[in-house]
Amino acid sequence: MSRLDSFIRRLQAQRACLDRAAMLIRDLEGPVLELGLGNGRTYDHLRERLPGRTIFVFDRQIAAHPDSVPPDDCLLIGDLRETIPLAADRFGRCAALIHADIGSGDAAANRTLVAGLAPYLVRILRPGGLLASDQPLPETSALTALPLPRRVHAGRYHLYRREPD
Ligand code: SAM
């Protein structure tokens, strides 16, 4: 498969998982956390799919399209390894959805980053809340992997539900 094909499939999988997650949390109160603003495409998609929902956005910098820059009071700028633990203290168990799109080309660094963030993400999600991620999360009884939408190949994207304690 060419890199172009692989890129397109990744984005199709991402969109399908975000649409599934948005549908599943429709009746679940709580904010959305977007980890990895990047160009702002998935932020823009989520705010379109979840109108009126507060979306807190995390990145180390703002490099998004000007139409997709979140309001200042919803932006948490800095390294996720610092901002997410602070968010866990600030927000508590409230998020209906966390979307993490934070992978780089370095698989080992991705694993280390996600392993460090995972316990805090579990703390921030409310029971029944969902986590959509470009990276697999380490196994924990707090998260159940959900079936992926049709046409999304296993491993291309990841969907989890936060279980009650
Ligand atoms: N979802 C975005 C979109 O649709 O445009 C693309 C996100 S891009 C693939 C990954 C983003 O994660 C980058 O903007 C990068 O700065 C951010 N990121 C990765 N590791 C990070 C870290 N440790 N702290 C803060 N931001 C990080």
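Things worth noting here:
- The chain - mean residue ellipticity at 222 nm from DSSP helices (-39,500 (n - 2.57) per run, n ≥ 4, rounded to 500): -12000 deg cm²/dmol
- Rg and Dmax of the chain, based on Cα coordinates, read 14.7, 44 Å.
- For region 93-153, the relative contact order works out to 46 percent when only alpha carbon pairs closer than 8 Å and six or more residues apart are counted.
- Beta bridges per DSSP with both ends in region 29-165, % antiparallel, nearest 5: 30 percent
- Packing rank of 70-80, 55-65, where each peptide gets the mean count of other beta carbons within 10 Å, highest leading: 55-65, 70-80
- Rel. contact order, % - alpha carbon contacts under 8 angstrom, at least six apart, region 24-91: 31 percent
- Sparse-neighbourhood loop sites, trypsin sites (Lys or Arg not before Pro) in region 101-165 - DSSP loop, at most 16 other Cβ within 10 angstrom: Arg150, Arg151
Values quoted throughout were computed directly from the atomic coordinates according to the rules given, and no laboratory measurement underlies them. Just so you know, these numbers come straight off a predicted model, no measurement behind them. Cβ: placed from backbone, ideal geometry, glycine included. Neighbour counts: every protein chain shown.
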